[in-house]
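Notes for the one structure printed next.
Throughout, read-outs are computed from the coordinates displayed, never taken from laboratory work. This structure is a prediction, so every number in the text was calculated from the model and none was measured. We place every Cβ from the backbone using ideal geometry, glycine too, and count neighbours over all the protein chains shown.
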Amino acid sequence: MKPRSALRLPYGRFATDRHQPAGIWVRATIVIEVTGVAHRKADATAFCAYVNRAEGRKDPYGLRLELDPGNSFDRNAIKIFGYAQGNEWHIGYVDAETAKDAAKDLVPGNIPIAAELYSIYVSGNEFIEIKYLLLAPKGYSQKTRIKRAQP
């Protein structure tokens, strides 16, 4: 991986190609923002630079989720990793509310979850916003899970 000084951080909105992991998935959430990106700025910056390059070359890139039950702040924590061009970075977490919802509805049943990168926005002052959709198999869409939860 190149040192940060060699990375060119693009500005504006990009990474809108909507790469999904292999398989048949449905949306399990609305578009949400990766939490904690500011605490992982170096990794997020590298991810953004590599995604911009991968997007221009039509190379695959995206997000990967990993449960983090040993997290001292939140036992429902879900790590978000970004990958592009053979590299992977821990860029943040699923927000606590969404992770709690997944822990209640999906994780106990060993229902797989994934993420679809929706977009990246980098401002002129290098503020980074990474948005995604949480995905689940058919039958576990957000709408279906809300209906099941109703009495």
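What to note about this one:
- Farthest towards the positive end of the charge dipole of region 1-97, among the residues Trp25, Ala96, Val37, is the Cα of Val37, using unit charges on the Cβ of Lys, Arg, Asp and Glu.
- Among 113-120, 94-101, sorting by the average number of other beta carbon atoms lying within 10 angstrom of each residue, highest first, gives 113-120, 94-101.
- Within region 40-89: Cβ-based charge dipole about Cα centre, in debye rounded to nearest 20 (Lys, Arg +1; Asp, Glu -1): 140
- Assuming charge only on the beta carbon of Lys and Arg (+1) and of Asp and Glu (-1), the dipole of the chain about its Cα centre is about 300 debye to the nearest 20.
- Straight-distance candidates among the aspartates and glutamates for linking to Lys138, with alpha-carbon spacing under 19 Å and chain neighbours fewer than 8 residues away dropped: Asp101, Asp105, Glu116.
- Packing-based order for 29-36, 69-76, using average beta carbon neighbours within 10 Å, highest first: 29-36, 69-76
- Under 19 Å from the Cα of Lys79 - lysines, other chains or at least 8 residues apart: Lys41, Lys100, Lys104, Lys131
- Dipole-positive endmost among Ala84, Tyr140, Ala54 within the chain (Cβ charges, Cα centre): Tyr140
- Estimated from helical segments only, the mean residue ellipticity of the chain at 222 nm is -7000 deg cm²/dmol, where each DSSP H run of four or more residues counts as -39500 (n - 2.57).
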